[in-house]
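See structure below.
The values are calculated or read from the model by the stated rules, or taken from the named source; none is laboratory data. Values in this document were obtained by computation on a predicted structure and should not be read as measured data. Backbone-built Cβ (ideal geometry, glycine too); neighbour counts: all protein chains shown. These accessible areas exclude ligands, DNA and RNA; they are computed on the full protein's heavy atoms, side chains included. Shrake-Rupley method; radii C 1.70, N 1.55, O 1.52, S 1.80 Å.
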Amino acid sequence: MLKEKILMREQNRDSSIEIFRIITMICIIAHHYVVNSGILEEITRENIMSLNTLFSLVFGWGGKTGINCFVLITGYFMCKLNISIKKFLKLFLEIEFYNIILSLAFIVSGYDSFSWSGFIKTIVPVYDLGTGFVSSYLVFYLFIPYLNLLIKVMEEIQHIGLILVCLFCGMLLQTFFVVSNTFSYVGWFMVLYFIASYIRLYPKRFFEDRRLCIILFVMSLLLSWGSVIFNAYIYAKWGIRIRFYRFVDTNRILAVLTAVSAFLFFKNLHLKHCPIINKFAASVFGVLLIHANSDIMRKWLWQDVLRNVQAYHSNYLLIHAFTSVIGIYVIATFIDMLRIKVLERPFFNWYDRVLDRKINLRIQDIERLLQKVVGK
């Protein structure tokens with residue numbers, strides 16, 4: 001009966017947000033194509049207004065905006081759901097699987113050497129908490145039940161006020177003034193969660209206005225690209241070193257505007273259910289875990305295998321960039337589909353049959369014990 005309900009829910013689920021997940025991950029891979037390959041370092045040494053440079057800057061624009069999009073999707077759906085041990089365990093095991101398997105692959109192949117610090121970093125998924133997306137997202141996931149409790153007790157005006165305060169401290173001050181970041185990744189994800197949950201819980205007419213959403217999306221996108229090119233021009237003209245992605249970093253105003261408007265645009269597309277799109281979208285997080293797994297993976301992939309810097313100095317950069325990004329997405333997706341079929345699905349079928357009830361009983365025992373301690 002439970003399987004039938006899940007199947008019905010999947011069949012009724014349109015593919016608008018799912019294709020948005022895919023596009024978001026492609027933007028993140030394109031960002032990594034530029035910033036993790038050595039191309040960004042080459043840009044400062046070359047003619048910064050050359051066609052290859054301008055293409056690279058715009059092509060690699062969307063990584064931080066993509067992170068915002070990814071968290072907005074999480075907030076939109078999870079604000080009305082509960083985090084179960086099974087959901088968290090599925091996320092945790094996926095992260096651990098790729099950390100361990102890829103680390104072992106590089107060590108066994110001789111590409112990397114074993115070290116205790118590397119071993120600890122591999123098995124502890126929160127090693128780079130605050131700066132790494134994956135570890136921060138994992139910890140952020142633990143806060144979702146408590147964020148949902150806060151959202152439920154707030155009235156709409158309080159929800160708006162909380163968002164405005166967070167955006168002032170966490171976005172406007174960082175965009176227009178030279179101040180240190182108010183929030184780490186975990187804190188910023190909570191801000192995005194409040195925004196996405198407001199969109200879900202308090203529907204407004206302008207949230208559903210396709211024309212308005214596409215106008216806002218296109219305008220913010222063009223402004224984002226323009227800001228990157230403008231910063232490059234300032235550096236080329238007067239040698240003033242400005243971070244090329246200053247206005248489109250994760251908590252900067254253009255990254256937020258583009259992410260929110262893009263999310264609203266795709267949410268309102270209402271595409272019919274497409275099994276292929278939804279299946280590819282189910283492996284989006286796995287694609288991230290594979291291609292951006294570690295510094296060793298980044299060096300091997302972008303520098304040794306694809307040789308992005310050489311492509312940057314060539315006449316075939318555009319072809320190399322697009323085929324590399326799409327190729328990585330497709331190959332990593334099929335790898336993750338295989339993991340789901342061979343490992344994840346059988347394990348959680350066993351989990352549902354054997355462990356789920358036992359774990360829930362143990363949790364209830366712990367809750368009763370805590371109630372007694374608090375009561376005393």
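To the nearest 0.05, how large is the calculated FRET efficiency for Thr131 and Lys341 if R₀ is 51 Å and r is the Cβ-Cβ distance? It would help to have the intermediate numbers written out before the result.
Values: r = 33 Å, r/R0 = 0.65.
Approximately 0.95, to the nearest 0.05.
So what are region 43-195's ellipsoid semi-axes, whole angstrom, largest first, if each one is the square root of 5 times an eigenvalue of the alpha-carbon gyration tensor? Walk me through the numbers before you get to the answer.
Details: eigenvalues 196, 145, 37 Å².
They are 31, 27, 14 Å, listed largest first.
In a GNM of the chain with a 10 Å cut-off on Cα contacts, which of Leu150, Leu91, Leu192 has the highest mean-square fluctuation?
Judging by the Gaussian network model, the answer is Leu150.
Per residue, how much accessible area does the chain have with a 1.4 Å probe, in Å²?
Per residue, the chain has 54 Å² of solvent-accessible surface.
Can you find, among Val186, Leu264, Pro203, the residue farthest towards the positive end of the dipole of region 147-290? Put +1 on the C-beta of Lys and Arg, -1 on that of Asp and Glu.
Leu264
Suppose the chain between Ser50 and Cys169 were pulled fully straight at 0.36 nm per residue; how much longer would it get relative to their current alpha carbon spacing?
Here the answer is 39.1 nm.
Could you work out [θ]222 nm for the chain from helices alone, using -39500 (n - 2.57) per DSSP H run of at least four and dividing by all its residues? Round to the nearest 500 deg cm²/dmol.
-22500 deg cm²/dmol
Projected onto the charge dipole of the chain (+1 at Lys/Arg Cβ, -1 at Asp/Glu Cβ, origin at the Cα centre), which of Tyr127, Met78, Leu254 gives the Cα projection farthest towards the positive end?
In the chain, that residue is Met78.
About the Cα centre of region 106-233, what is the dipole size in debye to 20, counting +1 per Lys and Arg Cβ and -1 per Asp and Glu Cβ, all else neutral?
280
Rounded, prolate or oblate: which one fits region 137-189, using the alpha carbon gyration tensor with axes a ≥ b ≥ c (rounded when a/c is under 1.5, else prolate when a/b beats b/c, else oblate)?
In terms of gyration-tensor shape, oblate.
Given contacts defined as C-alpha pairs under 8 Å and at least six residues apart, what's the relative contact order of the chain, whole-number percent? Walk me through the numbers on the way to the answer.
Numbers: 379 pairs, mean separation 110.2, N = 376.
Value for the chain: 29 percent.
Explain nothing, just the number: dipole magnitude of the chain about its Cα centre with +1 on each Lys and Arg Cβ and -1 on each Asp and Glu Cβ, in debye rounded to the nearest 20.
Using only the charged Cβ atoms, the result is roughly 880 debye.
Build a GNM of the chain with springs between Cα atoms under 10 Å: which of Ser184, Ser324, Ser109 gets the top mean-square fluctuation?
Among Ser184, Ser324, Ser109, the largest GNM mean-square fluctuation belongs to Ser109.
Would you work out the charge dipole size for region 1-148 about its Cα centre, treating the Cβ of every Lys and Arg as +1 and the Cβ of every Asp and Glu as -1, and quote it to the nearest 20 debye?
With only Lys, Arg, Asp and Glu charged at Cβ, the dipole is about 660 debye.
Along the Cα→Cβ direction, 7 angstrom out, place labels at Leu150 and Asn349. What is the inter-label distance in nm?
So the label points at Leu150 and Asn349 sit 4.1 nm apart.
Full-extension gain between Ser117 and Val309, please, as 0.36 nm times their residue separation minus the C-alpha to C-alpha distance.
Here the answer is 66.2 nm.
Only Cα pairs within less than 10 Å get springs; with that Gaussian network setup on the chain, which residue of Phe206, Phe143, Phe230 has the largest fluctuation?
Top of the fluctuation ranking is Phe206.
Which entry in (1) 22.4; (2) 19.5; (3) 21.3 matches mean projected area of the Cα convex hull in nm² derived from the coordinates of this structure?
Answer label, from the structure shown: (1).
Helices from the chain with mean Kyte-Doolittle at least 0.0 and a Cα length along the axis of 18 Å or more, per DSSP H: which?
Working: long enough: 16-35 (29 Å, 1.58); 63-78 (23 Å, 0.98); 85-108 (33 Å, 1.43); 133-153 (29 Å, 1.64); 185-201 (23 Å, 1.40); 210-238 (41 Å, 1.22); 253-267 (21 Å, 2.18); 317-339 (33 Å, 1.67); 356-375 (28 Å, -0.47).
Qualifying helices: 16-35, 63-78, 85-108, 133-153, 185-201, 210-238, 253-267, 317-339.
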